[in-house]
Each structure stands twice: as C-alpha cells, then as structure tokens.
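Data first, discussion second: the structure below is written as structure tokens.
The values are calculated or read from the model by the stated rules, or taken from the named source; none is laboratory data. Computed from a predicted model, the values in this text were never measured in an experiment. Reconstructed Cβ throughout: ideal geometry from the backbone, glycine too, with neighbour counts over all protein chains shown.
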Amino acid sequence: MFYLLSAIIIGFAVLSVTSSKLYRATMYLLFVLIAVSGLYFMLEYNFMGAVQLSVYAGGIMVLFIYAVMMTDKIGEPMRSISNKRKILPVVVTIGTAALAIYAIYSYQGIAATKEATVTTVEQIGSKLLTYEAGGFVLPFEVISILLLAAMIGAIVIAKAKKLVNQEKN
Amino acid sequence: MIEGVSLFEIMSLTTILFFIGIYGFLTRTNLIAMLMSLELMVNAEAINFVAINKYLSPAVLQGQVFSLFIIALAAAETALALAIILHLYRLTTTIDVKEVEELKY
C-alpha cells in the first residue's frame, strides 16, 4: 500500500511539473495532495490526514483552480523554456537528489522504534493549548494573528485597483 | 510507523518529491505553476516532520504539531501569493516571469 501511494505521489508530481497545460497540472497536483493525505492516514496521524484533505485538497486547490481560471487561457499550452535549457535543471536535481538519498542511507545512528502509535485529536489539542514546557500556545496564537493578517492582506491586494486609482488622483 | 516500511524509504520518497518541486521551480515560467512546485516542496517537508517524529520518538508530539503549523503557513502564503498574482495579471495581463518586470528597475 505504501509503495502504491509512493508511485502515485511521484508519478503525478512529475506529471504536475512537466504538463504543458496549467489546468491539468493543477489536477495532477490535487492527486498528489490526496495521496499525501493517504500517507498521513497510514502513519496513524488521522487528524493531519483530515487537515491535509480539507485545507490542501479542499481550500488551497479551490484557490488554485480559481486563479488558473481567471488568468489562463484553458487548453492552450503554456510557454515553456526550450528543451536544451531543461538539461541543466534535470542533471542538477537528479544529482542532488541522489546525493541526498545516499547521505540518508549512509547515516547509521537512527534507532527507530517498532511500536505503532496512534496520535489522537485530544493529544494534539492539549499540546497546542498547554502553557507548560513543550506547549505550543504562543505559536498557536501567533499563527491566528498571521492568518488574520494574510486574510486582510489578500482582500486589500485583490481590491487594490481602486486604491491605485485614488493614489493617481 | 508503517508496518514493514523503514524511515529510509519514507525519507527517500520525500527527498524525491522535494527535488521534483525544485525541478518544477527551476523550469516553469508561469507564476502559478511555480507556486504549485512550491506546494510540492512544502508537502515533502511536512511528511518528513511527521515521519521522523513517528519513527524516532513517538512520545513527543513536536514534529506533528510543526507539520500542522506548516500547513497553516502554506495556506496563508498561497492565499497572499495568488492575490498578488491576480493583481499582477490585472495590471499586465500576463503572469509569465519572463515578461513581468515591474520591480526590475
């Protein structure tokens, strides 16, 4: 099952970065995100799998699809760089990935546990809201302010046409 | 942990996913496509956090909470970046990085 998910993730990720039609690339990215959430479910971290499905495969993909529909001429292939100029990125990424995987496999100091642990929502919730050592209440609050700022910023930027006109006047 | 799958295999998967993202970031010229490659990289990071936490020290939840924060940050970043891209498209009617040079000079 893990290998099936890995094959789906890698195959659709490659399709997503090489497809010449932007809308299809978005759909391939959606498959990658769903397979990643399957990986979280396999790792017994069900809350993260649900968050991945709802936030990524739900929210962010809808944003992407709206952006693609508003900016792209659907069906027309994107402008891409020539095949000759793709040789260097291919060589560099494959070489660096091979080096990184070699470094991972040559590291001996990992003592992995054998016990399967299920992370429950209660554990995550109490970890996020505890004041004691190792609690995450401060980052939790900061990220809520960040999300509010991002929301206001997105609204202001999306409305910026009027603001620009006012500045010109 | 996953039965019969070692940490090395999961980390190989995330490494490959990360470098596919880097390849896309290097070769794409469309801003939305570049942002999608970025999402691939962020996803690889989040899987790495969860997998290492699950395999090495399942008693502490640090890595799993970090991956939640990563998703929240990625959502905020994507929303802002797409708002900027839409505004750029309204100004210049293109989102190709070769042709957008408003900030260049």
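Some observations on this one:
Here is a yes/no grid of residues against (1) out of contact with any helix residue (DSSP H, G or I) (no Cβ under 9 Å at 6 or more places or on another chain); (2) in a helix (DSSP H, G or I); (3) within 27 Å of residue A:151 (Cα to Cα); (4) facing chain B (nearest Cβ under 7 Å):
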site	(1), (2), (3), (4)
A:57	no, yes, yes, no
A:67	no, yes, yes, yes
A:70	no, yes, yes, yes
A:91	yes, yes, no, no
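- Restricting the first member to segment B:29-56 and to residues that are outside any helix (DSSP H, G or I), and the second to residues that are β-branched (Val, Ile, Thr) and crowded, with 21+ Cβ neighbours inside 10 Å, the beta-carbon pairs closer than 8 Å and six or more apart or on different chains are B:30/B:95.
- Any hit, segment A:61-68, residues being at pLDDT below 90 and exposed (fewer than 14 other Cβ atoms within 10 Å of the Cβ): yes
- Look at (1) closer than 24 Å to residue B:66 by Cβ; (2) free of Cβ contacts under 8 Å to residues at least 60 places away in the same chain and you find that residue A:117 fails only one, number (2).
- Any hit, segment A:75-83, residues being more than 7 Å from every other protein chain (Cβ to nearest Cβ) and among the polar types (S, T, N, Q): yes
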